[in-house]
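A.B. asks: So that we are looking at the same thing, I have put the structure below in structure tokens.
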Amino acid sequence: MRGVLVTGGSRGIGRAVARAFAAGGDRVAVQYAGRRADAERTVRELPGTGHTLLQADLGEPGAAERTVAEAVAALGAVDVLVNNAAVAPAADTRHPIAETPLEHWQQVWRRMVDVNLLGAADLCWATAHHLVNRGTGGAIVNIGSRGAFRGEPDFPAYGATKAALHALGQSLAVALAPHGIAVTSVAPGFVATERQTGKLSGPEGERLRVESPFGRVGTPEEVAATVHFLASPAAAWASGTIVDLNGASHLRT
Ligand code: NAD
């Protein structure tokens, strides 16, 4: 039974990832930022026992190290880190360059870099030190984005932080392989999470579905299944990879 730390597990992809690990017999520390009731529901509905809930704003200095320490204390050890938390595209984080005042531009950039990149980097640091000290190996999986490759014209800081997260994963894959730690990323396209419900049911919905030749968007469970596999010992040789999870949509447009 492994200890697994999943960030941003109050809903969406993080919740599905927590479920996939728990269903496989692992114990999960679910980190959340603000949606306590949703995060409690995630933990309550996980199969198995020994799961735990951790609160942290990962954009705050020191929060990542504290989160890993709390996960280790609650689970006994952390074998797997899934970096899922992110400030993601939403109405209040939209910042197309030509239309955005400098103050808002800088505010969104700093917040996205703080949470999506620096928070994740510090979580990697703390988890890697824990794993190296234990000498047991382990896995880190980063939730990146297709936007890192296609560009995010309305959310350039988001695309940039996701590209940086992919690159961080590649560097750490090389650095941590001698310690038996595999580091991978997934790059989902559009996924039907709670955050995306409005877009999918609105006028944009059909355009988003036909981006993929499957004629639909992805599901959180499809992302979670790949994350679960990438964190398994069987996938160690995939270390350094960035897996496209976007229904061939990048080949169609
Ligand atoms: P979501 O907004 O529900 O998930 C993001 C999670 O990050 C939330 O649980 C949120 O509480 C947490 N978070 C945000 N700021 C935080 C902070 N300061 N500290 C700690 N946690 C914080 O959306 P989602 O669609 O489930 O996205 C999950 C991940 O998948 C994100 O990394 C997102 O970038 C990525 N992704 C999603 C899609 C998609 O279409 N849904 C596509 C590509 C990548």
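The values are calculated or read from the model by the stated rules, or taken from the named source; none is laboratory data. None of the values given here were measured: they were computed from a predicted structure. Neighbour counts run over all protein chains shown; Cβ positions are idealised from the backbone, glycine included. Accessible surface is based on the protein model in full, side chains and every heavy atom, while ligands, DNA and RNA are left aside. Shrake-Rupley method; radii C 1.70, N 1.55, O 1.52, S 1.80 Å.
A.B. asks: Roughly speaking, to the nearest percent, how much of the stretch 1-79's 1.4 Å accessible area is carbon and sulfur?
C.D. replies: 48 percent
A.B. asks: If I take every Cα pair under 8 Å that is 6 or more residues apart in the chain, average their sequence separation and divide by the length, what percent do I get for the relative contact order?
C.D. replies: Relative contact order for the chain comes out at 19 percent.
A.B. asks: Still on this structure, I have one more. Could you work out, for the stretch 3-245, what percent of all Cα-Cα pairs fall into each 5 Å distance bin, beginning at 0 Å and stopping at the bin that holds the largest distance?
C.D. replies: The distribution over the stretch 3-245 is 1, 7, 14, 19, 21, 17, 11, 6, 3, 1, 0, given as percents.
A.B. asks: What does the charge count near T67 come to, summing +1 for each Lys or Arg and -1 for each Asp or Glu among other residues with Cβ under 14 Å from its Cβ?
C.D. replies: Summing Lys and Arg as +1 and Asp and Glu as -1 gives -4.
A.B. asks: Moving on to the next point. Taking the mean number of other Cβ atoms within 10 Å as a proxy for protection, how do you rank 166-172, 156-162, 131-137 from highest to lowest?
C.D. replies: Per-residue mean Cβ counts within 10 Å order the peptides as 156-162, 166-172, 131-137.
A.B. asks: Of the residues T219, T67, T100, which exhibits the maximal mean-square fluctuation in a Gaussian network model of the chain defined by a 10 Å Cα contact cut-off?
C.D. replies: Residue with maximal mean-square fluctuation among T219, T67, T100: T100.
A.B. asks: Which one, A235, P89, M112, is farthest towards the positive end of the dipole of the chain when Lys and Arg carry +1 and Asp and Glu -1 on their Cβ?
C.D. replies: A235
A.B. asks: Now for a different question. Pick out, from L102, L5, A164, the residue whose Cα sits farthest towards the positive end of the charge dipole of the stretch 3-245, with +1 on the Cβ of Lys and Arg and -1 on the Cβ of Asp and Glu.
C.D. replies: L5
A.B. asks: Tally Lys/Arg at +1 and Asp/Glu at -1 over every other residue whose Cβ is under 14 Å from the Cβ of A37; what's the total?
C.D. replies: Around A37, the charge tally is +2.
A.B. asks: Comparing W237, W125, W109, which has the greatest mean-square fluctuation in the GNM of the chain with Cα pairs linked when under 10 Å apart?
C.D. replies: W237
A.B. asks: Between W237 and N133, what's the calculated FRET efficiency when r is the beta-carbon distance and R0 is 41 Å? Round to 0.05.
C.D. replies: With R0 = 41 Å, the Cβ-Cβ based efficiency is 0.95.
A.B. asks: Shifting gears a bit: Got a number for carbon plus sulfur as a percent of the stretch 101-193's accessible area, 1.4 Å probe? It would help to have the intermediate numbers written out before the result.
C.D. replies: Values: 2230 of 3790 Å².
Of all accessible area on the stretch 101-193, carbon and sulfur atoms account for 59 percent.
A.B. asks: Taking the Cα centre of the chain as origin and charging only Cβ (+1 Lys, Arg; -1 Asp, Glu), how large is the dipole, in debye to the nearest 20?
C.D. replies: The calculated dipole for the chain is roughly 400 debye.
A.B. asks: Using 0.36 nm per residue, how much length does the chain from A37 to H104 gain when fully extended, once their Cα-Cα distance is taken away?
C.D. replies: 21.1 nm
A.B. asks: Name the residues of the stretch 216-232 whose amide N is less than 18 Å from a point 7 angstrom out from the Cα of T197 along the C-beta direction?
C.D. replies: Answer for this model: 217-221.
A.B. asks: Starting from the amide H of L54, placed 1.01 Å from N in the peptide plane, find each other amide H under 5 Å away whose residue is 5 or more places distant or on another chain.
C.D. replies: The answer is V30, Q31, Y32.
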